[in-house]
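The values are calculated or read from the model by the stated rules, or taken from the named source; none is laboratory data. What you see is a predicted model; the values in this text were computed from it and never measured. When we count neighbours, we look across all protein chains shown, and the Cβ atoms used for this are built from the backbone with ideal geometry, even at glycine.
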Amino acid sequence: MPPPTKVKRPSSVTVGEFFTLNEKSLKLRLVGSDAGYTRKISEPSVNRPGLALSGFFTYFAYKRVQVIGNSECSFLEGLDPKLRAARFSQLCSWDIPCVVIARGHRIDDELIQIANEAGISVFQTSMMTMKFLNAATIKLEWAFAPTLLVHGCLVDVQGLGVLIQGDSGCGKSESVRGHRLRP
């Protein structure tokens, strides 16, 4: 009988953890304050807030990383500066985890200041929007994946990975002698 196991299922990931783990692979650069690093990402996906920036918040996926791509940047640039600030303030009034500006775009310093005041970190990525969306979703799915810690010995038997589970001292290592151990 295998020893009892405990499955760990993360219910959230902090923005700081997301940034630290994925800074290089997602080409992320902090352009706002790090005050939002303790905010929680509660869903393993991302959201494009185009409708929210237009003032429509019904069904707004506020628990997700908010990604501003070409469409959202173009929309914001076309707004009167006061309306642009008001719409971005409205977006930041929700409990969103963070904002990522894709394709190396920049947003006005005034909008970054609005996010800073709301305690929301703003990042920039040079990745194309769809590539970032896909890559970030995969990274988040891994971060939210259940993990299981088991006591065992993993070996390579003729190219096939084999896990031998058992209590400490029951002879797992002895039974796999002659095969290559895996870390």
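Structure above, values below:
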{"item": "Gly32, sole failed condition from (1) modelled with pLDDT of 95 or more; (2) in contact with a strand residue (DSSP E or B) (Cβ under 8 Å, 6 or more places away or on another chain); (3) surrounded by 15 or more Cβ atoms within 10 Å (Cβ to Cβ)", "result": "(1)"}
{"item": "Hits in region 26-45 (condition: over 10 Å from Val13 (Cα atoms) and among the β-branched types (Val, Ile, Thr))", "result": "Val31"}
{"item": "Considering residues of region 98-117 that are surrounded by 23 or more Cβ atoms within 10 Å (Cβ to Cβ) and out of contact with any Cys (no Cβ under 6 Å at 6 or more places or on another chain) only, the residue farthest from Gly36 (Cα to Cα)", "result": "Ala102"}
{"item": "Residue match in region 76-85 (condition: buried (at least 16 other Cβ atoms within 10 Å of the Cβ) and among the acidic types (Asp, Glu))", "result": "no"}
{"item": "Residue satisfying all of: in region 7-23; outside any strand (DSSP E or B) and among the charged types (D, E, K, R); farthest from the chain's Cα centre (by Cα) among these", "result": "Arg9"}
{"item": "Among residues of region 47-68, those that are surrounded by 20 or more Cβ atoms within 10 Å (Cβ to Cβ) and either at pLDDT below 95 or within 17 Å of the chain's Cα centre (by Cα) (or both), counted", "result": "6"}
{"item": "Residue that is assigned by TED's automatic domain parsing to the domain that holds Val67, at positive phi and free of Cβ contacts under 8 Å to residues at least 24 places away in the same chain, where the choices are Gly119, Gly104", "result": "Gly104"}
{"item": "Residue satisfying condition, being among the polar types (S, T, N, Q) and either over 21 Å from Phe56 (Cβ atoms) or buried (at least 23 other Cβ atoms within 10 Å of the Cβ) (or both), within set Thr129, Thr125", "result": "Thr125"}
{"item": "Strands (runs of 3 or more DSSP E) fully within region 24-116 counting 3 or more residues that are within 19 Å of Met130 (Cα to Cα)", "result": "65-68, 98-101"}
{"item": "Listing of strands (runs of 3 or more DSSP E) fully contained in region 127-183 that carry 2 or more residues being aliphatic (A, V, I, L, M) and in contact (Cβ under 8 Å) with a residue 24 or more places away in the chain", "result": "147-149, 152-157"}
